[in-house]
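The values are calculated or read from the model by the stated rules, or taken from the named source; none is laboratory data. All values derive from a computational prediction rather than experimental measurement. Quick reminder, even Gly has a Cβ in these numbers, built from the backbone with ideal geometry, and neighbours come from all protein chains shown.
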Amino acid sequence: MELDELRQHWAAYDRRLDEVLRLNRQLLRSTNLGRIRSAMQRLRAVLGFELVLDLILVVALGAFMAAHLSEPRFLIPAIVLNLVVLGTLVATLQQWVRASALDYDAPVATIQHRLEAVRVSRIRSTQWLLLLAPLLWTPLLIVALRAGLGVDAYALLGVRYLIANLLFGLAFVPVMWWACRRFADRLDRAPWVQRLARDVAGRNLTAALDQLASIAAFEREEDGSDRPAPPVPPA
């Protein structure tokens, strides 16, 4: 076999190998994107349920506020709860929009960037909700007793008891944050509790932000440009 003929054979083998590698990459991309689509469909369903629940709470609290406009002791706790629910509603809606607008034909790095942005927003919302939960117990108790049973919590439990509960919740927040930072890594037997603890401590958010920065850097290297990294979308 002459040298030129051998070179032609090698060139043909190289072209076949490149084609096989290209098909394998397409197959791997298609498989992974299928899994991503399924996961995002489940996430959108969960977010949709949360949106409906938040809307119901907003309407219910709005009706309660309208019925107690002349009673500040009931109106103010309802306003506090409604502001928190509205904040949760806005954050959930943003997450749903981002999850629904994901372009599966975009480059892999871009898809990863969008997914990480959704993850960061989700973690941040969970973190704030868990940190605020101890402070919301007292206004929730006042509104729930009045709306559900027609009972005046101030008269039933006493103002001192309600203030003590509020102060306890205020003191509990830093303790909870410290405990989550201290013991989050030791909760291996309860993964979901560990995940929540890491959310409260901010570790999952930090990891997500680091991953987002890494993806942004990879995108810049892939494009061969020195453009600054895109900012993290707000939660």
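Remarks
- Residues being crowded, with 17+ Cβ neighbours inside 10 Å and out of contact with any His (no Cβ under 8 Å at 6 or more places or on another chain) - total across segment 142-156: 5
- Asp188 meets each of the listed conditions (1) more than 25 Å from Leu81 (Cβ to Cβ); (2) at pLDDT 60 or above; (3) part of a helix (DSSP H, G or I) apart from (3).
- Restricting segment 44-82 to residues that are of a type in the set (D, E, K, R) and farther than 16 Å from Ala153 by Cα leaves a set whose member that is surrounded by the fewest Cβ atoms within 10 Å (Cβ to Cβ) is Arg44.
- Test result for Ser121, touching a residue at least 40 places away in the same chain (Cβ under 8 Å), surrounded by fewer than 14 Cβ atoms within 10 Å (Cβ to Cβ) and within 18 Å of Met40 (Cα to Cα): no
- Helices (runs of 4 or more DSSP H) wholly inside segment 64-169 that include at least 3 residues being at pLDDT 85 or above and small (Gly, Ala, Ser): 72-100
- Output for segment 159-173, where each listed residue is among the hydrophobic types (A, V, I, L, M, F, W, C) and closer than 13 Å to Ile142 by Cα: Val159, Leu162, Ile163, Leu166
- Taking the criterion of being free of Cβ contacts under 8 Å to residues at least 12 places away in the same chain and not β-branched (Val, Ile, Thr), the residues of segment 35-65 that qualify are Arg35, Ser38, Ala39, Gln41, Arg42, Ala45, Phe49, Leu53, Ala63.
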